[in-house]
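Note sheet for the following structure.
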Amino acid sequence: MKKYVCIDIGGTAIKYGLLNEGGEIICRNEMRTEAYKGGPSILAKVVGIVEEFAKSETIRGICISTAGMVDTKKGEIFHSAPLIPQYTGTQFKATMERRFGVPCEVENDVNCAGLAEYMTGASKGSQVALMLTIGTGIGGCIVMDGEVFHGFSNSACEIGYMHMAGSDFQTLGAASILTRKVAEWKNESDQAWNGYRIFEEAKKGDELCIRAIDEMVDVLGQGIANICYVINPEVVVLGGGIMAQEEYLRSRIEDAVGRNLVPSIAAHTRIAFAKHRNDAGMLGAFYHFMQCHEE
């Protein structure tokens, strides 16, 4: 049975595991990213992960999902936010293939999540799918007929930077803004609040928490609708930790998107919630690898 090392590099944690050729996760683990140490440190961690698996397994490929803008042909980072210093220019593909002698493919983490949902998740079988991950920022991915749309220079669907109301989409609508608002309104420390607590208090009737969630939902509704006017997706898949609150959020987001779309488009746009969650990066990296090496 062929086995593949799959690694999902996020700003907080690196999730990794071993997958078989059928896409089944044989084992999984994670470690802290320690993003502040920069790109060279992350590259060293990735090498160490593969080295450990290679001691006991015959590896047929290395599949990497990562934050940052990725040149998928070169398998390297060409732009990264300041969260990870010295990440721009990190050459994963060249380094891993030289060191281990097996193919390595690299894709952006949100694109991996979108591909995973298309292959075996909430948008399976769709013609045009939009994936949004809502966390510290807002990331986007478009999957058309099973292929991630990368745009002319691998920068398609960087929707977090989309200008809205004198600011941008992720500054107004990300989950991190939700906790910051509630803490500020209650004159408390940011550390005292997180998404889970805000939703629990909202369910109990806390007016400030309800107001903050409603404002976030309004922003998401506008942003999603704006993208839908351009690409007319069959399904919009929502991911990120906060979207575990599907029961509370589904009807609210559907209403917000509907208010901002003309009825003829709204009637043909389905809202779905991500299925794969924490495994999305690893699975998407695997599916991307397999697409690159289809015989």
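The values are calculated or read from the model by the stated rules, or taken from the named source; none is laboratory data. Please read all numbers here as calculations on a predicted model, not as lab measurements. Cβ sites come from the backbone with ideal geometry, for glycine too, and all protein chains shown count toward neighbours. With ligands, DNA and RNA removed, areas are computed over all heavy atoms of the protein, side chains included. Shrake-Rupley method; radii C 1.70, N 1.55, O 1.52, S 1.80 Å.
Listing for the model above:
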quantity: Test for Tyr16: is it in contact with a helix residue (DSSP H, G or I) (Cβ under 6 Å, 6 or more places away or on another chain), in a strand (DSSP E or B) and surrounded by 14 or more Cβ atoms within 10 Å (Cβ to Cβ); calculated: yes
quantity: Residue match in region 188-198 (condition: open to solvent by 20 Å² or more (accessible area, probe 1.4 Å), under 19 Å from Ile64 (Cβ atoms), of a type in the set (A, V, I, L, M, F, W, C) and in a helix (DSSP H, G or I)); calculated: no
quantity: Neighbours by Cβ (under 6 Å, 6+ apart or cross-chain): first from region 82-94, surrounded by 15 or more Cβ atoms within 10 Å (Cβ to Cβ); second in a loop (DSSP other than H, G, I, E, B) and modelled with pLDDT under 95; calculated: Leu83/Gly11; Tyr87/Gly68; Tyr87/Ser80; Thr88/Ser80
quantity: Counted residues, region 96-135 - those being assigned to a strand (DSSP E or B) and among the hydrophobic types (A, V, I, L, M, F, W, C); calculated: 8
quantity: Of residues in region 20-60 being part of a strand (DSSP E or B) and more than 13 Å from Met282 (Cβ to Cβ), the one most open to solvent (accessible area, probe 1.4 Å); calculated: Arg32
quantity: Neighbours by Cβ (under 8 Å, 6+ apart or cross-chain): first from region 196-212, without any contact (Cβ under 8 Å) to a residue 60 or more places away in the chain and closer than 13 Å to Arg180 by Cβ; second hydroxyl-bearing (Ser, Thr, Tyr) and assigned to a helix (DSSP H, G or I); calculated: Ile198/Thr179
quantity: Condition broken by Glu117, with the remaining ones in (1) closer than 30 Å to Glu51 by Cα; (2) touching a residue at least 12 places away in the same chain (Cβ under 8 Å); (3) surrounded by fewer than 24 Cβ atoms within 10 Å (Cβ to Cβ) satisfied; calculated: (3)
quantity: Options Val257, Val219, Val237; residue that is outside any helix (DSSP H, G or I), open to solvent by less than 70 Å² (accessible area, probe 1.4 Å) and at negative phi; calculated: Val237
quantity: Residues (in a loop (DSSP other than H, G, I, E, B) and either closer than 17 Å to Cys141 by Cα or open to solvent by less than 30 Å² (accessible area, probe 1.4 Å) (or both)) located in region 161-187; calculated: Met162, Ala174
quantity: Qualifying positions in region 164-201 - small (Gly, Ala, Ser) and farther than 28 Å from Ala225 by Cα; calculated: Ala183, Ser189, Ala192
quantity: Residues located in region 136-160, provided they are of a type outside the set (S, T, N, Q) and either loosely packed, with under 14 Cβ neighbours inside 10 Å or part of a loop (DSSP other than H, G, I, E, B) (or both); calculated: Gly137, Asp145, Gly146, Glu147, Phe149, His150, Gly151, Phe152, Ala156, Cys157, Glu158
quantity: Condition met for Phe78 (open to solvent by less than 30 Å² (accessible area, probe 1.4 Å) and either out of contact with any Ser or Thr (no Cβ under 9 Å at 6 or more places or on another chain) or over 13 Å from Gly281 (Cα atoms) (or both)); calculated: no
